[in-house]
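**Q** One structure coming up, written as structure tokens, with questions to follow.
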Amino acid sequence: MTVAVFLGSLLGAMALGMPIAFALLVCGVALMYFMDMFDAQIVAQNLINGADSFPLMAVPFFLLAGEVMNVGGLSKRIVNIALALVGHFKGGLGYVAIMASCLLASLSGSAVADSAALAALLVPMMTAAGHDKARSCGLIASGGIIAPIIPPSIGFVLFGVASGVSISKLFLAGIFPGLMMGVGLCLAWAYVARQENVKPLPRKSLKEIGAIAADGVWALVLPLIIVVGLKFGVFTPTEAAVVAAVYSLFVAVFVYKELKPSEVYAVFVSSATTTAIVMFLVAAAMVSAWLITVADLPGDLIAILQPFMDNKLMLMIMIQLLVVAVGTAMDMTPTILIMTPVLMPVIKQAGIDPVYFGVLFIMNNAIGLITPPVGTVLNVVAGVGKISMDDLMKGVWPFMIAQLLVLFSLVFFPALVLVPARWFAG
């Protein structure tokens, strides 16, 4: 009955059009009334405690870094580097989109920001070259969801805070799976591009490639700083976010000079607005998380999944299918905040590595960003690319299937996550 109250109140509030943060508060209050323990002070206390977290300070700084990179020219130079390196291959602009997605993922950690930047830069180029617009937009949307997997990742920060798993270990464990997602997209695009007769771009000379790389070297240095700093313990993930924000701001204003000092305030306001939305959502989710623990919903879920507890593979498959289903109806951030406190006790009791589970869980949630009808990244790319959602949904299917195949290959072969993670962690 507790599960019915939890799901009924949450889904009912969402069905009425209530913002998810407020729906989570309604859900929490409904559970408190059901358990005959309503106290407004408990709600207020958990709201405050939910946002009062040092690791969560990484979120506003990573969001600020992503905003600065898009406005300040760093994202544009990443695309130029990818164009110089792979633009001359058959279907080269598609490979440019994938390569740029992986590089941008190592800069901002925001799927929405990366997808918007790439859609604005590459969709006009791809359609002018003769590529199908729906497929081009679908590829860019699918490339954008690599951002929550390759560090720095806002998704890993939220999961780490909600689960108590080391954010640094999650960051390092996400590098290889994120690159696998890029390879999966390359294979899918190679299949799709065979059906199109598009003339590739002319090959750049070594001199031209060198000049473009030199112009973009300031942008390429940032992911190196973050990964090396985390690997050798120079800074924490939260401090890495500050480094990313300050570095990108310095480069955008003083090196590339595309962000004027008079425009910095507007960038800060934009990132602060996004931060406020995310942090209120986190705070509201902590109210529900506390009540989930008090009501022992994880215990109910363990009882439901008990037939699979002795088989880690079957348990992971069932959980991934559950998250895929949830991802079609709910955005990434609330899914992480709602499901993590429910699933982590199950994972621990089954003896599954929490870092391994965290990588697959965030990857699954990232794929949810391109699953209709709620996929946030789909909506962003549809708006920026000026294409209808129906057409975009047709164009994204081949690439979504490729990402799901990568996800389930990691379910069947955990070493693909664990071995590189141990190597990166030293």
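The values are calculated or read from the model by the stated rules, or taken from the named source; none is laboratory data. Computed from a predicted model, the values in this text were never measured in an experiment. Methodologically, a virtual Cβ is constructed for each residue, glycine included, from the backbone with ideal geometry; neighbour enumeration extends over all protein chains shown.
**Q** Looking at this structure, is ALA58 in contact with a Ser or Thr (Cβ under 8 Å, 6 or more places away or on another chain) and within 30 Å of VAL251 (Cα to Cα)?
**A** Yes: the conditions hold for ALA58.
**Q** What helices (runs of 4 or more DSSP H) completely inside region 262-359 contain at least 3 residues that are modelled with pLDDT of 85 or more?
**A** 312-327, 332-350
**Q** Right, something else. Within region 254-274, can you find the residues that are within 22 Å of the chain's Cα centre (by Cα) and buried (at least 17 other Cβ atoms within 10 Å of the Cβ)?
**A** VAL267, SER271, THR274
Yes/no matrix, rows are residues, columns are (1) in a loop (DSSP other than H, G, I, E, B); (2) on the phi < 0 side of the Ramachandran plot:
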site	(1), (2)
MET99	no, yes
GLY109	yes, no
LEU121	no, yes
PRO124	no, yes
THR127	no, yes
ILE140	no, yes
ILE146	yes, yes
PHE159	no, yes
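**Q** Do we find that SER142 is over 16 Å from the mean Cα position of the chain (by Cα) and crowded, with 24+ Cβ neighbours inside 10 Å in this structure?
**A** No: the conditions fail for SER142.
**Q** Now, a different point. Would it be correct to say that VAL346 is more than 23 Å from VAL278 (Cβ to Cβ) and buried (at least 24 other Cβ atoms within 10 Å of the Cβ)?
**A** For VAL346, the condition - more than 23 Å from VAL278 (Cβ to Cβ) and buried (at least 24 other Cβ atoms within 10 Å of the Cβ) - is not met.
**Q** Additional query: Tally up the residues in region 41-85 that are without any contact (Cβ under 8 Å) to a residue 40 or more places away in the chain and of a type in the set (S, T, N, Q), please.
**A** So the count comes out to 2.
**Q** To continue, here is another question. Enumerate the pairs (first residue in region 250-267 and within 14 Å of ALA219 (Cβ to Cβ); second residue anywhere and small (Gly, Ala, Ser) and in a helix (DSSP H, G or I)) with beta-carbon separation below 9 Å, excluding pairs fewer than 6 apart on the same chain, so at least 6 apart or on different chains.
**A** VAL251/ALA219; TYR256/ALA219; GLU258/ALA252; LEU259/ALA252
**Q** Sticking with this one: For GLY92, state whether it is over 24 Å from VAL161 (Cα atoms), in contact (Cβ under 8 Å) with a residue 24 or more places away in the chain and small (Gly, Ala, Ser).
**A** Yes; evaluated as a whole, the condition is true for this residue.
**Q** Just give me the residues in region 371-408 being among the polar types (S, T, N, Q) and without any contact (Cβ under 8 Å) to a residue 60 or more places away in the chain, in sequence order.
**A** Hits for region 371-408 are THR371, ASN379, SER388.
**Q** For region 85-121, give me each residue that is polar (S, T, N, Q) and in contact with a Pro (Cβ under 9 Å, 6 or more places away or on another chain).
**A** SER106, SER108, SER110
**Q** Determine the pairs where a residue that is in contact (Cβ under 8 Å) with a residue 12 or more places away in the chain and on the phi < 0 side of the Ramachandran plot, located within region 345-370, has a partner that is among the basic types (Lys, Arg) and part of a helix (DSSP H, G or I) with Cβ atoms under 8 Å apart, the partner being 6 or more residues away or on another chain.
**A** ALA350/LYS312; ILE352/LYS312; PRO354/LYS348; VAL355/LYS169
**Q** Considering only region 43-65, I want to know if a residue exists there that is part of a loop (DSSP other than H, G, I, E, B) and hydroxyl-bearing (Ser, Thr, Tyr).
**A** Yes, the conditions are met somewhere in region 43-65.
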